[in-house]
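**Q** Here it is: the structure, laid out below.
None of the figures in this text is laboratory data; all of them are computed from the coordinates on show. What you see is a predicted model, and the numbers here were worked out from it, not measured in a lab. When we count neighbours, we look across all protein chains shown, and the Cβ atoms used for this are built from the backbone with ideal geometry, even at glycine.
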Amino acid sequence: MSAVDQLRRQLDELMGTRRNGEDSRPEKLHYTSSRVCKNFLLNCCPYDILTSTRGDMGQCKKIHDVALRADYENSSKKNEYAFQKEALQHLKNFVSESERRIQFSKVRLAETQQILSSEESARLQKIRQIEEKINKEKILAEELGASNDVDGYLKLTEKIEALKEEKKIAEDEHRNSTPASISQQQKLRVCEVCNSYLGVYDNDKRLADHFNGKLHLGFITIREKLKELEELVEYHHIKAIVSSEFNSENICNKRSHSPSPDNSKYHHKRRSRSRSKERRHKHKSSKRDSHSSHHKRRRHSKDYENASRSNK
């Protein structure tokens, strides 16, 4: 990558697709597209983490674009539940497949060690049988020598030499059939994290080199990111449930405190009738008061006239 390409990439990482104003790329693509790798947006794509290791899987089938990741990180949807859920599912599938491969490697290693052990036992058993024959023939040869049976002694000596040659051939066959690589395989174990083979008797330096290697640390990073996403998704899920229950409770409370349309009409009619009765009552009261005052005035007038007549 040239210096110009590196600078362009750095600007994309910082400013996104609109670092020059409008998106001027030939294909305008949004980070929400299904073609964009959501794990890449969250910095947890296994294809990137395990690149240039024994577990390198090549190039991711989905789009990796640092400018789109910058758009996502600068957006209000950075912590959106859907993105995290999709990335979580991908990591779950990847880790499940890794666990399956680890178990398969364990089974295969155990079977190989068992086969090698049985074959080695058979070869060693053959060598031991030849040694027993040699020892028996030596004892018999000594007895013939003690009895001065020269012919029998010479024949047994030749047979012993033939057995010794047969034993040498069997030992060479055993040695050639168990090279150092196969012999070492009987002393291996499978790493529970990255599915690598470790020597049972590896020294501290070799173990440290493995545990600090890019492959082992990459699988640790993937598993840690999986745990982090599981906690985030669970948190958002619980939050959504609580929010839904809270909204439902608020709606129920509003309904219980607000009058129904029928009740509202009923109360409105009652209030209208009450006001009408009050107005009629006031009107009648005013008429009675007016009529009473009129009679009082007439009575006072008659009393005054009678008083005037009596004075005259």
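**Q** Based on other C-beta atoms within 10 Å, arrange ARG175, ARG123 from fewest to most.
**A** ARG175, ARG123
**Q** For the pair SER118 and THR53, what calculated FRET efficiency results from E = 1/(1 + (r/R0)^6), where r is the Cβ-Cβ distance and R0 = 41 Å, to the nearest 0.05?
**A** Computed FRET efficiency for THR53 and SER118: 0.70.
**Q** Please arrange PHE83, PHE104, PHE219 by how many other C-beta atoms lie within 10 Å of their C-beta, fewest to most.
**A** PHE104, PHE83, PHE219
**Q** What ranking of LYS38, LYS239 emerges when the number of other C-beta atoms within 10 Å of each C-beta is taken as an exposure proxy, fewest first?
**A** LYS239, LYS38
**Q** Also: By how many nm would the segment from GLU80 to LYS227 grow when fully extended, if each residue of separation counts as 0.36 nm and the alpha-carbon distance is taken off?
**A** 51.2 nm
**Q** Using a Förster radius of 51 Å, what is the FRET efficiency between ALA240 and LEU188 based on their Cβ-Cβ separation? Nearest 0.05, please.
**A** After rounding to 0.05, the efficiency reads 0.60.
**Q** What are the residues whose amide H is under 5 Å from the amide H of LEU188, where those residues sit 5 or more places off or on another chain and H is modelled from the backbone?
**A** Amide H neighbours of LEU188, under 5 Å, 5+ apart: VAL200.
**Q** Next question, about the same structure. Pairs LYS205/LYS225; LYS92/LYS239; LYS38/LYS106; LYS126/LYS159; LYS28/LYS62: which exceed 24 Å Cα-Cα?
**A** LYS205/LYS225; LYS38/LYS106
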